[in-house]
Amino acid sequence: MAAADNTSAALRRRDLCSRGIRLAGKMRSDVVDLLDTYVERQGLDASASVAAVEGVPVAAVERWDEQTGTQRLLENLAAYRTFRALLAQMLEEQQEQLGEADTTLGQALAAVLLQVSAFTYHLEELLRLESRGPPSEEGAEPPPAPHLSLFERKLRGLGVLRELAQWAVRSTRDLRQLAKPSPGSSSPASLAESP
Amino acid sequence: MDDRAPPGNLTGCLFCFVEENPRSECKCWSSGQKNPLDVDEKLGTPQGHCTGGEMANPVPSACCVVLAVVVVVYAQRHSQQDSHIQYERVGADVTMKCGSMDWDAAVTWTANGTDIDASHLNGSYLILKKVDLTQSGQYSCYEGSSWHLKYQTYLRVGTPPKEPLLMCRSNNYPKGFYCSWHLPTPTYIPNSFNISVIHGTREMVCEKDVFPKNRCHIRYLQLFSTVKYKVTLTVTNALGKNSTTATFDEFAIVKPDPPESVVAKPVPNNPRRLEVSWQNPSSWPDPESFPLKFFLRYRPLILDQWQHVELSDGTSHTITDAYAGKEYIIQVAAKDNDIGTWSDWSVAVHATPWTEEPKHLTTEAQVTETTSASTSSFMPPPTTKICDKGAVVGSGAVAVCWTAGLVLAAYGVLFI
């Protein structure tokens, strides 16, 4: 019975990872398109260099291959919860700034926000499967947006979307690692042990 | 006997003969002894001269002299071995001085052992106008009467480096990337290259490859970074320097090597199929975590237009719309599933779909066809040529094909 449960959990995990990979792939594609729209609508230079933005989860990681499955899930979950809040802020600012004048950008932002929310839920499911359960969201809200000029807000938004695009690639890789069977078994490794 | 003292830097004596005859003696100088006589600064004084004392036997003294001469000649030649090299630009005017010789000294210049005409001399200076590459070589100056070598240099004519071409690429993501470079035009003189790699505020080490020498590789310390990499290559030679900088994202330079071991085979009993298989490039370190997708292209040799198929997984594909009997050329390219660019095309492979063996024909027309097929070189195979591109597979069309083939066979017989 226990073995059957394990197999069922392993299959569920693999299924969630596969769907998560597809979701992350679609999300990345949409974020890349959103970046083009954002740069154009906000009158920015696509090659503009944006310094690290405070409060934006940075996708860059050292020793990525050494992370455990649980580490991967927790870092992903923390990042996407923050992106969910950041995108909501951006959507609100964009609506205040442009009103209904630019629905294209607004709709694109909203679509990506929806995908980020869906992916966040997906990650929470994976963590539940681990019997860890996702950490609570208390205190996970990003700090309130600092008082910035319009141009600074636009640059900040560019930074948010760029990091989100990187995260989407990283998440795809993380989920593939999670979906890999452990050596000597045909089912995915348990999250605690798998790098 | 020559009483010249050795230069002050000598610490010992190379030759010191102690003769059997007790009346002869030979002294060696040690460092610190001064010589009241002039010493040639360039050549120094030969070491180990014997001095003083009577020599009862003339043979040893002659020996000593001969040896001394040998040493002098050797020293003259080899004092120039750690050669002076002189680099000059193509088109420059070059003036060479004959060491410390006065301007009005009588000298002879040679280039690679060949005397240089006096028209190139201004006093004892050698003047070379608008030098070109063919004038690279060894230039020597000899004192007029004694033929003592007074100066020698190796002239290398070349150019300062133009802006180098730099390319960086990751064919083994996520391990790292490499940068390679070359000069657009040769300089004809030695160049040294220095490369720096900066990621944000961090300077990274680019380890030079043993082979090829114009390449180095960097290990990724971070993945998924939005911070760009900045690579600066500086090339320097004796005539100048130049540099170039490349700035890029981690993802942008990812380009796998082409797939390997591409194999294409006919499928038995399937005249329109070809089975193609390949392997991931061996340089791609972890295809399971970083899977590749593939692009397959194929065409019959007789056509210029390629057919393309993109494959998101797997390392094999069956072509199902090949023209029967036609030889195909097939290639495959690879790309990381998520980032980067397509590899170059793989080595091309050739394959022809399976064709049915010609059946043994027993009717008169079939005998005629067989005869004509064995004697005519220009008759098309009855099963293929007629049923060419766009042919519909079906029993009616097959019958038409056979009929047409028989007609053609009959014509063939008539023409022979």
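The values are calculated or read from the model by the stated rules, or taken from the named source; none is laboratory data. These figures come from a predicted structure and were not determined experimentally. Cβ: placed from backbone, ideal geometry, glycine included. Neighbour counts: every protein chain shown.
Overview of values
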read-out	value
First in the stretch A:153-177 and at the interface with chain B (Cβ under 8 Å from one of its Cβ atoms), second anywhere and among the acidic types (D, E) and surrounded by fewer than 22 Cβ atoms within 10 Å (Cβ to Cβ), Cβ under 6 Å, 6 or more apart	A:V169/B:D338; A:T172/B:D338
Residue among B:V210, B:V231 that alone is within 29 Å of the chain's Cα centre (by Cα), modelled with pLDDT under 95, β-branched (V, I, T) and more than 30 Å from B:K326 (Cβ to Cβ)	B:V210
Test set (1) in a loop (DSSP other than H, G, I, E, B); (2) away from every other protein chain (no Cβ under 14 Å) - A:A46 fails condition number	(2)
Residue within the stretch B:317-329 that is more than 14 Å from chain A (Cβ to nearest Cβ), of a type outside the set (S, T, N, Q) and under 30 Å from A:I21 (Cβ atoms) present	yes
Test: residue in the stretch B:155-164 that is surrounded by 18 or more Cβ atoms within 10 Å (Cβ to Cβ) and of a type in the set (S, T, N, Q)	yes
Residue count for the stretch B:205-245, restricted to those that are assigned to a strand (DSSP E or B) and more than 14 Å from chain A (Cβ to nearest Cβ)	19
Per-region count, the stretch B:269-291, residues surrounded by 15 or more Cβ atoms within 10 Å (Cβ to Cβ), more than 17 Å from B:H317 (Cα to Cα) and polar (S, T, N, Q)	1
Residues being farther than 16 Å from B:V262 by Cβ and crowded, with 16+ Cβ neighbours inside 10 Å - total across the stretch B:336-351	5
Number of the exception - A:P146 against (1) at pLDDT 95 or above; (2) surrounded by fewer than 19 Cβ atoms within 10 Å (Cβ to Cβ)	(1)
Residue check for B:S277: in the same structural domain as B:L311 (by the TED database), in contact (Cβ under 8 Å) with a residue 60 or more places away in the chain and over 19 Å from A:R176 (Cα atoms)	no
Complete set of residues in the stretch A:49-78 that are among the aliphatic types (A, V, I, L, M), part of a loop (DSSP other than H, G, I, E, B) and within 28 Å of A:E130 (Cα to Cα)	A:V56, A:V58, A:A59, A:A60
Qualifying residue in the stretch B:247-270 (condition: within 14 Å of chain A (Cβ to nearest Cβ), in a loop (DSSP other than H, G, I, E, B) and of a type in the set (G, A, S))	yes
Residues of the stretch B:204-259 that turn out to be on the phi > 0 side of the Ramachandran plot and surrounded by 18 or more Cβ atoms within 10 Å (Cβ to Cβ), as a count	1
Residues located in the stretch A:53-69, provided they are surrounded by 13 or more Cβ atoms within 10 Å (Cβ to Cβ) and within 14 Å of chain B (Cβ to nearest Cβ)	A:V53, A:V56, A:P57, A:V58, A:A59, A:A60, A:V61, A:W64, A:D65, A:Q67, A:G69
Pairs where the first residue, in the stretch B:286-301, is within 20 Å of B:N171 (Cβ to Cβ) and the second is in a loop (DSSP other than H, G, I, E, B) and aromatic (F, W, Y), C-beta under 7 Å, 6+ apart	B:F290/B:Y173; B:L292/B:W284; B:F295/B:W342
